[in-house]
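Reading through the structure tokens given below for one structure.
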Amino acid sequence: MNPIDRRSFLKISAAGAGAALATNRLLPAQTSAPTAAGPPKPSVLVGMATSVAPLVQSDLDPLLGDMAARAGVNALFPFIYTHVANRAGAPAGGFHGGNYATTHLKYYADTNLTLEDMRGPEFGGVDVLARLLPVARRHGMKTFAWVLEDNVRGPGPRWEALYEVDFHGRRATRHPGGPCNNHPQYRGYLRGLLEDYLRSYEIDGIMWGSERQGGLLNALGAFHNGERTDPGTATCFCEHCLRRAKTEGIDAERARLGFGELEKFVRAGRAGQRPRDGWFVSFWRLLVGWPELLAWESMWVRSRHELQAELYHHVKSINPAMPVGWHLWHNLSFSPFHRAEEDYATLAPFSDFIKPVLYNNCAGERLKSFTDSVGGNVFGDLAPASAMEFMDAALNYREAPYARVSATGLSPDYVQRETRRAVEAMAGTPVQVWSGIDIDTPVGAGSSHCTPESVRQAVRAIFAGGGRGAMLSRNYTEMKPENLAGAGTALRELGFL
């Protein structure tokens, strides 16, 4: 994994004075005053991830009052911009998506997108932030604009032009492809979107996320359900990435040829055709013979970090006290490959908080799927149960074996260990860790399901690991009230409510 370049770091350092100011805004401003019953209660962040549908269709006072009473929620994280139907809470048929606040075009001069491309027409054009903010403030809740980068095709040809290009020259408009980190008009759109939220609304913070990784890991299918993807769609070979590669001295043509050999390797694995020297040896031989594969992967990672740093700097240039942080994809916790690329400590210079996704209930199903995916190539020499044992050792897990992990999910110990890993990476910095746990994220038949007790234990594990906040995820509309209440039980036991 490579750090951001010196120029980018210096740009962020120029805004560094704002980071100290932002730290004061991260946790809820209110801390209970001392009473005859005892000392003041410490402040922690309890965030609620929610689609926009209930924020448009419900009476907000009882809705927010119930969140606070049931689970101690004091911060809201609406999916304020999305092209994914279930994030908006809208029917999938004919879904368009976009911005569910008002789009002010004066902030979008640096992008090719039009108002039609950017606005979300569902829900009658209601401005969700304008509706939510005053009510949230009455309830003592903060509101963060959550922009989770879409990994499905955006509506229209102007969106498609921003997407990555695979090594065969095709637009990669579905996961694991997405908008190109190096496309200047995509970067311009993101800067405009964040500036719009900052200047048009009295929000309390920004959270951005990208549930993607580079072409090498995508070709291997090194993510849950990765075995379903096409190894020929590794990215990105658009004009902007080709120009960057030339500047950095990376041979793009050899990278293409290397990805072609990698595609053959993965397809053979899925067909059960074992290489003469085995899977791991053959994979390593590919890397030795085609070092451009790692160079291309490294360039992708650097590009994404530089985009994050640019967004952070842009926000701080407008409001140095505005907290900025990152939703970090679940794959980061259970892929040793992605974990190697995404060292939490590298994010510290351009972060006020991070939200590592530690959805322990659905993680069992996802970890098994990840193991199956790479079991067809890099780990193909091992039986699935042995591959899972290796994963547990490599990742410092103590979880159920391969045959049972979907049914059990991952344990509170996983949440605590992964929270601690993030906290230790940020030691000596003001960056706060707000771990995300899942409550009733949909899973397949035979997989683990949440209970009030499992939620209670997961929330307690966050704070046992040194976290400063609990992000209740994936989406409020999926959560059963009794399971959500398990979070409140834990927070009361810990003295936070």
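The values are calculated or read from the model by the stated rules, or taken from the named source; none is laboratory data. All figures in this text were calculated on a predicted structure; none of them were measured in a lab. Here Cβ is always computed from backbone atoms with ideal geometry, including for glycine, and neighbour counts include all displayed protein chains.
Observations on the structure shown:
- Residue that is farthest from Leu217 (Cα to Cα) [pool: residues in the stretch 227-250 that are among the β-branched types (Val, Ile, Thr) and touching a residue at least 40 places away in the same chain (Cβ under 8 Å)]: Ile250
- None of Arg404, Arg398, Arg420 is surrounded by fewer than 24 Cβ atoms within 10 Å (Cβ to Cβ) and closer than 20 Å to Gly47 by Cα except Arg420.
A quick yes/no check of all residues on (1) of a type outside the set (S, T, N, Q); (2) out of contact with any Leu (no Cβ under 8 Å at 6 or more places or on another chain); (3) within 27 Å of Leu64 (Cα to Cα); (4) at pLDDT 95 or above:
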site: Leu395; (1), (2), (3), (4): yes, yes, no, yes
site: Arg398; (1), (2), (3), (4): yes, yes, no, yes
site: Arg404; (1), (2), (3), (4): yes, yes, no, yes
site: Leu410; (1), (2), (3), (4): yes, no, no, yes
site: Val415; (1), (2), (3), (4): yes, no, yes, yes
site: Glu418; (1), (2), (3), (4): yes, no, no, yes
site: Ser447; (1), (2), (3), (4): no, yes, no, yes
site: Gly465; (1), (2), (3), (4): yes, yes, no, yes
site: Leu472; (1), (2), (3), (4): yes, no, yes, yes
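- Residue check: Gln273 meets all listed conditions (1) of a type outside the set (Phe, Trp, Tyr); (2) at pLDDT below 95; (3) part of a loop (DSSP other than H, G, I, E, B) but one, namely (2).
- Tally, over the stretch 391-413, of residues that are closer than 14 Å to Tyr359 by Cα and either among the small types (Gly, Ala, Ser) or in contact (Cβ under 8 Å) with a residue 60 or more places away in the chain (or both): 3
Yes/no per residue for (1) under 22 Å from Leu198 (Cβ atoms); (2) polar (S, T, N, Q); (3) touching a helix residue (DSSP H, G or I) at 6+ places or on another chain (Cβ under 6 Å):
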residue: Glu297; (1), (2), (3): no, no, yes
residue: Ala309; (1), (2), (3): yes, no, yes
residue: His314; (1), (2), (3): yes, no, yes
residue: Pro320; (1), (2), (3): yes, no, yes
residue: Leu328; (1), (2), (3): no, no, no
residue: Pro336; (1), (2), (3): no, no, yes
residue: Glu342; (1), (2), (3): no, no, yes
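- Selected residue [surrounded by 14 or more Cβ atoms within 10 Å (Cβ to Cβ), over 17 Å from the mean Cα position of the chain (by Cα) and either among the hydroxyl-bearing types (Ser, Thr, Tyr) or at positive phi (or both)] from Ser303, Ser333, Ser282: Ser282
- Summed over the stretch 242-256, residues that are over 16 Å from Val301 (Cβ atoms) and surrounded by 11 or more Cβ atoms within 10 Å (Cβ to Cβ) total 7.
- Enumeration of residues in the stretch 334-386 that are of a type in the set (Asp, Glu), closer than 20 Å to Gly436 by Cβ and in a loop (DSSP other than H, G, I, E, B): Glu342, Asp343, Asp352
- In the stretch 423-445, residue surrounded by the most Cβ atoms within 10 Å (Cβ to Cβ) [restricted to those that are of a type in the set (Gly, Ala, Ser) and within 24 Å of Ala71 (Cα to Cα)]: Ser435
- Candidates Asp438, Asp413, filtered to the one that is in contact with a Cys (Cβ under 8 Å, 6 or more places away or on another chain) and under 30 Å from Thr346 (Cβ atoms): Asp438
Condition check ((1) farther than 23 Å from Leu367 by Cβ; (2) aliphatic (A, V, I, L, M)) across all residues:
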position	(1), (2)
Leu220	no, yes
Ala234	yes, yes
Arg243	yes, no
Thr247	yes, no
Ala255	yes, yes
Gly260	yes, no
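- Residue within the stretch 254-263 that is outside any helix (DSSP H, G or I) and touching a Gly at 6+ places or on another chain (Cβ under 9 Å) present: no
- Of all residue pairs spaced 6 or more apart or on separate chains, none has beta-carbon atoms under 8 Å together with a first member in the stretch 251-276 that is on the phi > 0 side of the Ramachandran plot and among the charged types (D, E, K, R) and a second member that is at pLDDT 95 or above and assigned to a helix (DSSP H, G or I).
- Condition check for Asn112: surrounded by fewer than 23 Cβ atoms within 10 Å (Cβ to Cβ), more than 23 Å from the chain's Cα centre (by Cα) and not charged (D, E, K, R): yes
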